[in-house]
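Okay, so here's the structure we're looking at.
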Amino acid sequence: MVKLFLTLAAAARTAVHAFNIAPSARPLSSLGAVGSRGAGRGGVYEDLTGMVGNTPVVKISDKLAPEGVEVYAKCEYFNPLSSVKDRLAVAIIEEAEASGALKPGMTVVEATSGNTGIAVAMVCAQRGYDCVICMAEPFSVERRRLMRMLGAKVIVTPKAGKGTGMVRKAEELCAEHGWFLCHQFENEANWKFHEATTGPELCPEIVNDFKAAGKKLTHWVTGYGTGGTFHGAGKALKDALPDVKIVLAEPEAAGLLASGTPTPRNADGSPAESHPAFAAHPIQGWTPDFIPKVLDDAPMDALMDELFPIPGDAAVATAKALAAKEGLLTGISGGGTMYAALETAKNAPKGSVILAMLPDTGERYLSTPLFADIPADMNDDELSIAKSTPSFQLIPGEEPVLAA
Ligand SMILES: Cc1ncc(COP(=O)(O)O)c(C=O)c1O
């Protein structure tokens with residue numbers, strides 16, 4: 001019943017999208033950004049949930065991609081609240097409403113490193129639910145402020161408690177107050193959400209767009225937070241394109257899968273302890289201090305062709321290169337995924353077509369290592385440009401100059 005509803009809900013959203021997308025006179029491979037500019041979307045949305053999904057795929061130029069291989073990015077930051085998690089939030093809330101677990105007037109709770117919280121807060125704002133988000137201290141402060149802007153209450157949990165601490169807090173609050181917990185990490189229904197929504201949405205989006213472009217996708221690269229994207233879309237992609245190679249990236253500093261050590265679980269599937277291979281890493285949204293059940297439940301042997309360790313500094317450097325050389329502003333996990341894609345491209349057979357997921361926007365990382373050496377004040381180059389004409393100079397230690 002739940003699955004039927006999810007399928008119908010996903011089909012309905014797909015139908016809305018299909019209706020709203022303006023037909024293009026040019027093949028997608030040559031569509032570029034201008035193919036449908038000015039055509040509109042062919043309709044209007046009843047509410048923002050219809051705007052979730054159908055994110056664009058864009059080619060990475062030869063400034064970053066090696067010769068003879070095509071590398072693409074799927075820009076999940078085109079979702080309304082700028083991350084892949086918008087897909088999950090809509091699915092969780094709609095399923096809970098349909099099953100009766102979530103009723104008008106209730107409070108929705110989630111433990112999250114940020115993007116899911118922002119997405120859940122967005123849907124709660126649109127549907128009129130109160131929203132409480134538990135988030136561990138180290139995650140970027142702009143995420144907290146965004147959730148509060150969307151009307152959510154953010155309960156910050158201590159850094160020492162790591163990801164498991166914020167999950168415990170959310171569970172405790174729900175038990176105490178009778179609130180609805182989204183349970184993104186382990187709820188049995190979670191990967192089914194992904195299988196029923198992220199997969200059937202993401203996978204045909206990917207398959208259809210490459211088909212329309214006349215290209216055969218050979219590699220798909222993703223990281224994991226809950227494992228939902230990998231499990232849901234990975235399964236659907238392998239069904240649709242059995243030859244596709246799936247590369248799963250995880251932080252080098254937190255090689256939980258690489259260690260081969262499982263996460264012991266409580267009866268409800270939540271982690272019973274912090275994973276011994278976990279160490280703090282800068283790739284926010286990836287790899288908490290436990291192997292999420294959503295990831296564990298994936299048929300690894302069938303889905304994962306390669307496990308790719310990502311150094312934190314390579315993820316940051318690649319996110320910066322994507323911004324500076326391609327104009328693609330993504331977060332650290334997007335940088336990490338693209339690093340794995342570009343490294344894969346170096347050794348892939350000529351003619352390979354590789355797609356990397358960019359899960360969110362770089363604007364979500366202003367207070368993190370991604371922007372650590374991006375100053376707010378003018379540097380020497382900028383100061384000398386400012387001084388190269390006489391008027392409107394703001395030079396440190398000097399009187400501001402207006403007219404020359
Ligand atoms: C920034 C970022 N990247 C990647 C992911 C991974 O997505 P998933 O939870 O589907 O594995 C997340 C999810 O939390 C995220 O927030």
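I want the antiparallel fraction of DSSP beta bridges within the chain, as a percent rounded to 5. Of all bridge pairs located within the chain, approximately 20 percent are antiparallel.
With kT/(6 pi eta Rh) evaluated at 20 °C and eta = 1.002 mPa s, and Rh the Kirkwood radius from Cα pairs, region 119-250 diffuses with a coefficient of 127 µm²/s according to Stokes-Einstein.
Once the Cβ-Cβ distance of K59 and K211 is raised to the sixth power relative to R0 = 25 Å, the FRET efficiency obtained is 0.95.
P(r) tail for region 278-404: Cα pairs beyond 25 Å make up 46% of the total. Computed 3J(HN,Hα) for region 329-344, one whole-Hz value per residue from the Karplus formula 6.51 cos²θ - 1.76 cosθ + 1.60 where θ = phi - 60°, is 9, 10, x, 5, 5, x, x, x, 5, 5, 4, 4, 5, 5, 5, 4, glycine and proline marked x. Taking the Cα centre of the chain as origin and assigning +1 to Lys and Arg Cβ atoms and -1 to Asp and Glu Cβ atoms, the resulting dipole is close to 860 debye. Computed on region 146-266, with alpha-carbon pairs under 8 angstrom and 6+ residues apart, the relative contact order is 21 percent. In the chain, helical runs assigned H by DSSP with n ≥ 4 each contribute -39500 (n - 2.57); averaged across all residues and rounded to the nearest 500, the mean residue ellipticity at 222 nm is -10500 deg cm²/dmol. Using bins of 5 Å that start at zero, the share of Cα-Cα pairs per bin across region 65-107 amounts to 5, 18, 15, 13, 12, 13, 7, 5, 4, 4, 3, 0, in whole %. Rank D381, D47, D239 by mean-square fluctuation in a GNM of the chain with C-alpha springs under 10 angstrom and give only the top-ranked residue. Sorting by GNM fluctuation, first place goes to D381. Placing unit charges on the Cβ atoms of the charged side chains and taking the dipole of the chain about its Cα centre, the candidate lying farthest along the positive direction among G232, P369, I291 is G232. Based on C-alpha pairs under 8 angstrom that are at least 6 apart in sequence, region 60-152 has a relative contact order of 24 percent. Within region 59-151, the proportion of C-alpha pairs whose separation exceeds 22 Å stands at 38%.
Building the convex hull from the alpha-carbon atoms of region 265-319 and averaging its projection over directions returns 4.9 nm². Sites listed here are trypsin sites (Lys or Arg not before Pro) in region 266-361 whose DSSP assignment is loop and whose Cβ has at most 10 other Cβ atoms within 10 Å: K350. Using C-alpha pairs below 8 Å separated by at least 6 residues, the relative contact order for the chain is 17 percent.
Here the gap between A125 and I385, fully extended at 0.36 nm per residue and compared with their Cα-Cα distance, gives a gain of 89.1 nm.
Here the Debye sum runs over all C-alpha atoms of region 225-283 as equal scatterers in vacuum, and log10 of I(q)/I(0) at q = 0.18, 0.20 Å⁻¹ comes out as -0.81, -0.92.
For the residues T389, T226, T107, a GNM of the chain with alpha-carbon springs under 10 Å puts the largest fluctuation on T389.
Across region 141-147, rounded Karplus estimates of 3J(HN,Hα) from the backbone phi angles (6.51 cos²θ - 1.76 cosθ + 1.60, θ = phi - 60°) give 5, 5, 5, 4, 5, 4, 4 Hz, Gly and Pro being marked x. One way to sum up the overall shape of region 188-287 is the equivalent ellipsoid from its Cα gyration tensor, whose semi-axes run 29, 17, 11 Å, largest first. Between I395 and A39, the FRET efficiency estimated from the beta carbon spacing at R0 = 41 angstrom works out to 0.30.
Each 20 Å bin from zero holds the following percent of Cα-Cα pairs in the chain: 27, 56, 16, 1. Left without a cysteine partner by the 4.7 Å Cβ rule in the chain: C75, C134, C174, C182, C203.
Read-outs: derived from the displayed coordinates by stated rules, not from any lab. Here the structure is a predicted model, which is why all the values come from computation and not from measurement. We place every Cβ from the backbone using ideal geometry, glycine too, and count neighbours over all the protein chains shown.
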